[in-house]
Protein chains: 2
Amino acid sequence: MTWPFPADDSEDAAIAREAQMWAPYTQAVRDLIDASVRTAVDEDEIRAATTQIEEIVARLRKEQLPDTLGMSNRPAGKRRPWGNPAIGVRNPMAPLLEVRADPSGRIESDFHCGAAYEGPPGLVHGGVVSLLLDQVLGHAVGAGGRPGMTGTLTIVYRQGTPLGDLRIEAWIDREEGVKTWAKGHVIGPNGVTAEAEGVFILPRWVRDKMAAAEPVPGLRIFE
Amino acid sequence: MTWPFPADDSEDAAIAREAQMWAPYTQAVRDLIDASVRTAVDEDEIRAATTQIEEIVARLRKEQLPDTLGMSNRPAGKRRPWGNPAIGVRNPMAPLLEVRADPSGRIESDFHCGAAYEGPPGLVHGGVVSLLLDQVLGHAVGAGGRPGMTGTLTIVYRQGTPLGDLRIEAWIDREEGVKTWAKGHVIGPNGVTAEAEGVFILPRWVRDKMAAAEPVPGLRIFE
């Protein structure tokens, strides 16, 4: 078997193939999460499913990465944020499967939030809205060559965000020194449901490399 | 089999028993999510697990609730937010298993964020931090008799939040008309990692009942 690949000599084609292998697995677990909050089968079925899932977990745990996925992938020139709970191809919690930059540099993502993301009845949990906005604002600053950790995040909720098909758009608003301001919003069938502004701080290692006019590996960290 | 119980005549003991039945199932799926981002077994094992998980999903889907869990439970006097992605006993994504009010009216929750909640290497995803703070601030206003939908949420990130054992504390800061301001923070091994302020808006149905001096069912919605 050819994976996990050592982080330092991964090639694009091999990474793409590995992602392709994970996608159906992750979708199966994502479907299981959805089924968990929607099933009405009887108690015996739930107990039987519990036993089977515990068996699968035991088999998956027979060989484990020595560290978290983020720590394991860190040495790589090209980051693979596969464990990310908003976008990771190996994280079944992630509802955002694709995030793209349009030609003008804006970021957008179309996605689906099903029953497992419900807060108030019929609506996406406000905290899930903030999770996804934080992620996509992070893409905006990364795509703009100003990656960073979130310093401050403000969400204004305009109306409830209905479960179902949604879109997030984000863009860089302005920058000053080590700070970059990004804005974005969630759009549902009835228009904008929530607006976000985030202040992102350039990490020291990026500042150091910029000061030394060195290339910054993984600058466009969310490709 | 005795569940799902009709929402309107559920009794406390029956609800507690139902929750008890769900807990081990949900933990198994939560373990599966964790194993998904940490396993290093080979590709054949992943494919075999995929097939088995798809079979479990198919069995769980044989009988499904007619609507989401939140919509299904809505008529109940006592809300059961079991599908909630931050605290739901039926939602495997939820890391907050217990939220309690201390005698002074403050809210606190001790919880664990494992590898599946990772954003930057070794750290909790900033959006997950905001999700959990939104939830616990919501408990604070609910426990104070001023439940509401989040109007504005501001998170200030002071330092990275390390994966592992964490605590969130929250309290009501002030109230004015239909608005209630709640504050809170996440505490890690090195102190406060993120601070939150939220403005929560009393929903119309609560205002109407308060105006009519009627009891508000589910006012303490997060018990």
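The values are calculated or read from the model by the stated rules, or taken from the named source; none is laboratory data. Here the structure is a predicted model, which is why all the values come from computation and not from measurement. Counting neighbours? That spans all protein chains shown, and the Cβs are built from the backbone with ideal geometry, glycine included. Heavy atoms of the whole protein, side chains included, go into the accessibility calculation; ligands, DNA and RNA do not. Shrake-Rupley method; radii C 1.70, N 1.55, O 1.52, S 1.80 Å.
Structure notes:
- Looking at A:Glu98, A:Glu108, just one residue is part of a loop (DSSP other than H, G, I, E, B), more than 9 Å from every other protein chain (Cβ to nearest Cβ) and in contact (Cβ under 8 Å) with a residue 12 or more places away in the chain, and that residue is A:Glu98.
- Residue in the range A:37-66 that is farthest from the other protein chains (Cβ to nearest Cβ), counting only those that are of a type in the set (Val, Ile, Thr) and not in a loop (DSSP other than H, G, I, E, B): A:Thr51
- Residue within the range A:120-141 that is assigned to a strand (DSSP E or B), more than 7 Å from chain B (Cβ to nearest Cβ) and modelled with pLDDT of 95 or more present: yes
- Considering residues of the range A:157-191 that are β-branched (Val, Ile, Thr) and within 27 Å of B:Leu69 (Cβ to Cβ) only, the residue surrounded by the fewest Cβ atoms within 10 Å (Cβ to Cβ): A:Ile187
- Lone unmet requirement of (1) out of contact with any Leu (no Cβ under 7 Å at 6 or more places or on another chain); (2) of a type in the set (D, E, K, R); (3) open to solvent by 20 Å² or more (accessible area, probe 1.4 Å); (4) modelled with pLDDT of 90 or more for A:Glu43: (3)
- Condition met for A:Asp67 (free of Cβ contacts under 8 Å to residues at least 40 places away in the same chain and within 24 Å of the chain's Cα centre (by Cα)): yes
- Within the range A:146-194, if we keep just the residues that are of a type outside the set (A, V, I, L, M, F, W, C) and touching a Cys at 6+ places or on another chain (Cβ under 8 Å), the residue that is farthest from B:Tyr157 (Cα to Cα) turns out to be A:Gly164.
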